[in-house]
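Remarks on the structure that follows.
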Amino acid sequence: MIELQNVAMSYSGAELLSDMNLHLAPGSFHFLTGPSGAGKTTFLKLCYAELLPSAGHLSLFGKDVRAMSRDEIAGLRQRIGVVHQDCQFLDHLSVEENVALPLTVSNRAPDMDQLRELLSWVGLKHQANARPPQLSGGERQRAALARAVIMSPDVILADEPTGNLDWEMSLRLLSLLVELNRMGKTVVIATHDLNLIRQTKAQVSARVLRIANRHLQAAGADL
Ligand SMILES: Nc1ncnc2c1ncn2[C@@H]1O[C@H](COP(=O)(O)OP(=O)(O)OP(=O)(O)O)[C@@H](O)[C@H]1O
């Protein structure tokens, strides 16, 4: 689905990530951890071809990203839903309009029943007409998750989705991601929260990866 072979990533000539090998199989659940600044967001950006590797081979759904045109990459990105660290809402639009944005930017009219069902699923039906600044942290993250799945992607990449949330809300968000995985979606979550990883591993078969000293490796057995 997403495959990295000896992938490296440099910024301004300095290598941040080196020699990474990974196959994200359909329906798998991965956590990505590592110290602040290790390169977790950069790794996720590679996985949705926001960045191209400085070395190695990266393929998305069987296609080498280097051989793809911008339009092809844009097309493949519709199969990957991203929950960004800072949510990235348009504050002048309602929650409902923000969630529907991936459809409207690709000139597709949202199916209003499906949109309301999705907002109900994340517990935000009552906030459909609110503006993003009126939402709590947990509500923002759930709206961001709804937006990430509106196109029915095969893969969901979530960057610190529980970063500012209390434990109860973190578990609620995690349960939505676990539910998506049980529906067959491939899920990757970057997080610092080791307790959250332990809690989730009790519910789902998750692999834990760690970025350390520029390399991607399996995390220790203590997780
Ligand atoms: N566009 C860029 N140009 C240059 N350096 C960058 C760029 N984006 C990120 N970096 C640097 O790369 C390093 C890794 O950043 P990244 O955001 O991937 O780390 P992270 O593991 O997600 O960190 P955190 O846990 O704090 O969110 C940081 O030192 C950052 O300053």
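The values are calculated or read from the model by the stated rules, or taken from the named source; none is laboratory data. None of these values were measured; they are calculated from a predicted model. Cβ placement follows ideal geometry from the backbone for every residue including glycine, while neighbour counts extend to all protein chains displayed. Side chains are part of the model used for accessible areas, which takes the heavy atoms of the whole protein and leaves out ligands, DNA and RNA. Shrake-Rupley method; radii C 1.70, N 1.55, O 1.52, S 1.80 Å.
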*With all distinct Cα pairs included, what does the Kirkwood hydrodynamic radius of the range 17-59 come out to in Å, to one decimal, could you say?*
11.6 Å
*Bins of 5 Å, starting at 0 and running to the largest distance - Cα pair percent for the range 1-120*: 2, 9, 17, 19, 17, 15, 11, 7, 2, 0
*Run down the lysines and flag those whose C-alpha is under 25 Å from the C-alpha of Lys125, throwing out any fewer than 8 positions away in its chain.*
Lys185
*Coil-residue trypsin sites (Lys or Arg not before Pro) of the range 90-134, DSSP, other Cβ within 10 Å capped at 15*: Arg108
*Percent of accessible area on the chain owned by carbon and sulfur, 1.4 Å probe?*
46 percent
*For Val83, list long-range residues whose amide hydrogen, built 1.01 Å from N in the peptide plane, is under 5 Å from its own amide hydrogen.*
Leu157, Ala158, Asp159
*Using +1 at the Cβ of each Lys and Arg and -1 at the Cβ of each Asp and Glu in the range 23-119, identify which of Gly81, Gly34, Leu118 lies farthest towards the dipole's positive end.*
Gly34
*Measure out, as a whole number of angstrom, how far apart the alpha-carbon centroids of the range 140-195 and the range 1-59 sit.*
19 Å
*Could you pull out the GluC sites (Glu not before Pro) across the range 1-72 that fall in loop regions by DSSP (anything but H, G, I, E, B) with no more than 15 other Cβ atoms inside 10 Å?*
Glu50
_Where Rh is the Kirkwood radius over Cα pairs, Rg/Rh for the chain_ = 0.96
*With an 8 Å cut-off on Cα pairs and a minimum separation of 6 or more residues, tell me the relative contact order of the range 41-120 in percent.*
16 percent
*How high is the FRET efficiency from Ser152 to Ala202, r the C-beta distance, R0 25 Å, rounded to 0.05?*
0.35
_Below 8 Å between Cα atoms, with a sequence gap of 6+, how large is the relative contact order for the chain in percent?_
29 percent
_Suppose all protein chains stay in the model; what accessible area per residue would a 1.4 Å probe give for the range 71-199, in Å²?_
47 Å²
